[in-house]
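So the structure is just underneath, and the comments pick up after that.
Every number in this text was worked out from the coordinates using simple rules, so none of it is lab data. As the structure is a prediction and not an experimental result, all values here were calculated from the model. Ideal geometry is used to build each Cβ from the backbone, glycine not excepted, and the neighbour counts take in all protein chains shown.
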Amino acid sequence: MKNKKHNSLNSIKFLSLSIALALTGCHSDSKAIEKDNNAVAPVDNQIASPDWQDQIIYFLMIDRFNDGNSQNNDQGKNEYDPTSDKKFSGGDLQGVTEQLSYIQDLGATSIWITPPVANQWWDSEQNYGGYHGYWARDFQKVDEHFGDLEDYQALSREIHSRNMFLIQDIVTNHVGNFFTYDNPYNYDASNPCTGFRLIESALPANQPLPYPLNQNQCKDDGTGSYHWTPSITDHNNPIQEKTWQLSDLDDLNTSDPEVRKYLKESYRKWIKDVGVDAYRVDTAKFVDHDFWNDFFHSEDGVLSQAKETGRDNFLTFGEVFEASTPYQTEGEEKMLTYIGESGSPAQLTSVLNFPLQTTMTRVFASGQPTDYLRFRLERMMEMFPNPYIMPNFIDNHDMPRFLSQASPEDMQQALITMMTVPGIPVIYQGTEQAIVNSRDSMFNGGYRTDGQLADSFDSDNKMYQFIQSLAQLRTENKVLTRGELKVIASDKAGAGIFSFTRRLNDDEAFVVMNTSSSPMLLNQLDLDQGAGAVFERKIQSNWQTAPETLTTNSHGEVSLELAPKSAAIYFKTARAGNAETPKATVELNDDWKDTVITQNTEITGTATPNAMLKLVVDGNLAVAKDIPVDANGDWKTTISIRHFAIGEQQHRFAIYYPEAKTGTKDIAFTSDLSWADTPEKIIDDAGDAQDGNGGPYGSYSLPTDPSFNKDKNQLSIEKAEVYTVGSNVRLKMTMDNVTNSWLPPNGFDHVGFSVFLGLPDESEKGLTTLPKLNAEMPTGTWNRNAVIFGWQSSIYNSTGADSQTWGEAVSPAPVVTVDKANRAIYLDFASDALGRPDSLDGISIYVTTWDIDGLSAVYRPLDTQKGPWNFTGNDSAEPKIWDDLPIITLSE
């Protein structure tokens, strides 16, 4: 329901406007209304900056959030169509104002909006619109679809009246697409105007570019308002990164004095006229470092304007879209160069924490080792000058939503982590409503991928209330915003235990979770509190039997049996409890220090006669092995390597006494398994989809964007090899071409693999329909569907799957490695993902390729007309399969 106060104010506003128009004989259509934005008086914006580490940010896309004024939706240039993902849907600034109570009640304290500035509405070259706000035509005007300066000021006033803060997304790297190069691969830097072309009708006739943006005729000497360069074809190239066109968007020459002056004026304006409290900086890594120092820190820079309005702690955080591989810090190292290290010129205050986001996706969505997260958090605390003001997030508008590749339980664990580690939590609109698609609208009538009409402002939604409880806990407890972080438990072998503490003076929070699909043993964890410390549970997720209180034993330890995919937050209390002494007589005969195993290995020991123990490997209680103790107190058992992952893997085991809830401490060991030198299967697939034409009939054409290689395309499989060890399966794909032009975290782009596995043990649940591919299995059925591309690796089972739904997310997802020099992509399927089969005999594998959009995790469209990002075929309903392999059946 819309706020009645706002509705009545708007009615008065429109009534007054209608009377004025009637008196002048003007038509009341909003498209005819022209306002001088600069004539509006500035807001009274003397606002002190908050302590940003205490903030919780809600990030929204103006066009896809809420429609407050339907009269500004359609500007009559065929740019508005709420049934299209490419065009304006109708959201505006008034709509944001009307939903501030919804955002505030969630627990957010700051609101980050996408750029509200005037945009290029439609780009005929890319067949896409600027509804998102990042294709500016004028940095100093509000886009007509979003309202006007008065609407923006009204939003700012209402935000500040609630003691909340306003963050505006800004762009300095580029504007819209007003010129292009037809042959970017033939670009010659010594003749920069060769191949240059101004795009006709890029803007309507009544939308001239302001100075200096209108100085966009190419200059042979390389000077001027823009870099006279084509689209980036290789994001690995540092020259292209800084001076070429990102996705053909006109790259501003930020070294040019007139451009710098204009950008400073533009972004000082929004602070002065509207009262913006912070800037999120889009595409920061594509701009030279010296610009940021001048733009923010010079006498006429942005921060001086902020200080004039009392904002002495004006936050600037940049988008440096860089991930880090496990146990490496290449992303952090790149990000640090945009903050300005000790002794170097100051740049941005902070950067968005992409390495942490990527790691949380790997750990919580893909089921990879929780120790990856331990490493990432520890490096974050060590490397960054102030990790407490780094915005943390689980997804955003430029990537697949977390929930598109994970379960709600996985997402709750990620949210708990984001809300309890150092940094500023960022909630992307719709997360609180469990929305799955990246840029679906929140309001009834806006674009939705499923085409449904739905309102998504339900404060009774379970995910909304879960986030609300987390936000309240964080806001009310400074230990979660300022406390020291210490990771105290993680698993190196895969999904499992993850636990950490936050400590501030005498306050302490203890967070514990199990990322595995099996119940897990948290065994004798030392909380560094001494005996009898009592912790009280505040929040639990998917763990109905979580103890309400925990008391450390006489050794200062706790042991817990955690439910699958569960989590809980505990806070230390002031009271002391009764510390029990663990009672157990479990011993091992052998010293396991530094043990490495490559085969099944026996363990022996002694214990209470006639007791029943359990061998718990890597904490997994679901597959714990019973160990009977004989009358003499002797026992023996065997560690099986069948389900261990390949390579050198660190594990732990414990001999557990369930009756006494105690046993041995975890004992570390290492397994070291290797793939066989000879593949079990080899499939030669060369020549059938390698000359720019593919598909079931060889009649499809690739998208026209030049990053798709037409001579040696990235979607064609030359050869496939299958390797097995135990119950693990590796697919090695030798491709016609492997590229990573867009720097995807998985190391390859412009091909997505859909791998369908049939499991004999689950044959009764098998399906023939291939989700989202307009196709069926050639023969047989599938039980697991792995979707793997440069930005994501996920695996689903057939539960809930149909022609439009992948199914239920499971873990662990396939591990992806790339050997670019040899054009090889490796996909490793762990035994756990296949249901831990005792035999691989009869398991079938069907592989298809198609490109997948890294933004929204959807298969690129098939159309009858050529386009930069769609495949071309005879009928859009044909199968989305560029290349495939014959079905492979394993034997053992």
When the stretch 135-272 is reduced to its Cα atoms, the Kirkwood hydrodynamic radius in Å: 16.6
What is the packing order of peptides 385-396, 88-99, taking the mean over residues of other C-beta atoms within 10 Å and listing the highest first? 88-99, 385-396
The stretch 485-576 - percent relative contact order, Cα under 8 Å, separation 6 or more: 32
Just add up the charged neighbours of Y279: K/R +1, D/E -1, any other residue whose Cβ is under 13 Å from the Cβ of Y279. +1
Work out, in µm²/s and without decimals, the Stokes-Einstein translational diffusion coefficient of the stretch 376-415 at 25 °C, 0.890 mPa s, Rh from Kirkwood over C-alpha pairs. 205
Over the stretch 587-673, consider all pairs of different Cα atoms and compute the Kirkwood hydrodynamic radius from their mean reciprocal separation; express it in Å, one decimal. 13.3
Find the percent of Cα-Cα distances in the stretch 174-253 that exceed 19 Å, and round it to a whole number. 30
Going fewest to most other Cβ atoms within 10 Å around each Cβ, D851, D294, D802 line up as D802, D294, D851
Sum of -39500 (n - 2.57) over DSSP H runs of 4+, divided by residues of the chain (222 nm, nearest 500): -5000 deg cm²/dmol
Just rank D761, D277, fewest to most, by other beta-carbon atoms within 10 angstrom. D761, D277
D (Stokes-Einstein, µm²/s), Kirkwood Cα radius, the stretch 356-490, 1.306 mPa s at 10 °C: 100
Check: the stretch 598-666 dipole with +1 on Lys, Arg Cβ and -1 on Asp, Glu Cβ, in debye: 120
Taking only Cα atoms of the stretch 681-889, the Rg to Rh ratio with Kirkwood Rh works out at 0.94
Anchor K285: aspartates and glutamates whose Cα lies under 12 Å away (excluding residues fewer than 8 positions away in-chain): E241, E319, E322
Under the Karplus curve 6.51 cos²θ - 1.76 cosθ + 1.60, θ = phi - 60°, whole-Hz ³J(HN,Hα) for the stretch 310-322, x wherever Gly or Pro sits: x, 8, 6, 10, 5, 7, 10, 10, x, 8, 10, 6, 9
Relative contact order (%) - the chain, alpha-carbon pairs under 8 angstrom, separation at least six: 8
Assigned charges on the beta-carbon of Lys, Arg, Asp, Glu; the stretch 485-576 dipole about Cα centre (debye): 220
Quick one: check the C-alpha center-to-center distance for the stretch 638-706 versus the stretch 521-560, whole angstrom. 34
Positive-end residue of G790, G726, I159, charge dipole of the chain with Cβ unit charges: I159
Whole-percent tail of the Cα-Cα distance distribution for the stretch 485-576, cut at 18 Å, equals 39
Along the stretch 819-827, what does the Karplus equation 6.51 cos²θ - 1.76 cosθ + 1.60 (θ = phi - 60°) give for ³J(HN,Hα), rounded to whole Hz, x for Gly and Pro? 10, 4, 4, 9, 6, 10, 10, 9, 10
Return S124, S831, S516 ranked ascending by Cβ neighbour count within 10 Å, so the fewest neighbours appear first. S124, S831, S516
Would you kindly state how much longer the chain becomes between E333 and D506 on full extension, computed as 0.36 nm times their sequence separation minus their alpha carbon distance, in nm to one decimal? 58.9 nm
Roughly what percent of Cα-Cα pairs across the stretch 656-697 reach past 12 Å? 80
Under the Debye formula (equal points on every Cα, no solvent term), log10 I(q)/I(0) of the chain at q = 0.07, 0.09, 0.10 Å⁻¹: -0.60, -0.99, -1.20
For the stretch 48-160, what relative contact order do you get, as a whole percent, if you take Cα pairs closer than 8 Å and at least 6 residues apart? 31
Sequence-distant residues sharing a close amide H with G663 (under 5 Å, placed H): Y657
What whole number of Å gives the distance from the Cα centroid of the stretch 95-174 to the Cα centroid of the stretch 478-494? 35
